[in-house]
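Visitor: Have a look at this one before I ask anything.
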């Protein structure tokens, strides 16, 4: 079954007041499009980072703990996205074409079993979402952040409207450092847009364009 978009809901969005409005909009959009939601890590992953700083966790332990943090955020999103359901695999048999429900992936068991990515803080939910999009053969990946897109490194940062994948590995900030490698092998159309402006997501799904950064 085809997925219209894989959408990563960034953990940074859980630290402000906009997450509930975004989740209501995702629930509405799921009535029109087949959506697979990938949770970020948010404050749950922050606790893993703090434990790593304090106790010098091994890379594999930190990697797996961060995946479990994504699961926790997934349970939170399930409470906030109307009609959504949780899944731990990519068969998505519970998501028929006209289900009107958003599927939320709890990624830990899948990534533990397949182990497709390096065990490093260079890999976050950005790279995991891109890997998932490739596995389900979805052509569009949307990364929802607390900013309007990727920004230049100038003294007064400006939004980058479009960025080739080959230049993404030269860019600092906004997405994880491993993402360029996953995207280079995938051919995904990837967008970085603001989750604080839910209308951006609606516009992108409706028209294939919005305010943000398109990585091509």
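Where a number appears in this text, it was derived from the coordinates with a stated rule and is not lab data. Just so we're clear, the structure is a prediction, and the values are computed from it rather than from any experiment. With ideal geometry, Cβ positions are generated from the backbone for all residues, glycine too; neighbour counts draw on all protein chains shown.
Visitor: By count of other Cβ within 10 Å, fewest leading, how are 46, 71, 126 ordered?
Guide: Working: 46 13, 71 19, 126 25.
Ascending Cβ contact count within 10 Å gives the list 46, 71, 126.
Visitor: What is the distance in Å between the Cα centroid of the stretch 104-138 and that of the stretch 38-56?
Guide: With the stretch 104-138 and the stretch 38-56 each reduced to a Cα centre, they are spaced 17 Å.
Visitor: When a footprinting reagent is the concern and you count Cβ atoms within 10 Å, what order do 213, 156 take, fewest first? Could you put the intermediate results ahead of the total?
Guide: Details: 213 24, 156 6.
Ascending number of Cβ neighbours within 10 Å: 156, 213.
Visitor: Using a 10 Å cut-off around each Cβ, can you sort 33, 73 from fewest to most neighbouring Cβ atoms? List each step's numbers first, then the result.
Guide: On the way: 33 17, 73 25.
Listed from fewest to most nearby Cβ atoms, that is 33, 73.
Visitor: Over all distinct Cα pairs, what is the inverse of the mean 1/r for the chain, reported as the Kirkwood hydrodynamic radius in Å? All intermediate terms of the calculation are to be shown ahead of the outcome.
Guide: Numbers: mean 1/r = 0.0581 Å⁻¹.
Radius from the Kirkwood sum: 17.2 Å.
Visitor: In the stretch 162-193, which residues have a backbone nitrogen under 19 Å from the label point lying 7 Å from residue 120's Cα in the Cα-to-Cβ direction?
Guide: Flagged as within label range: 165-186.
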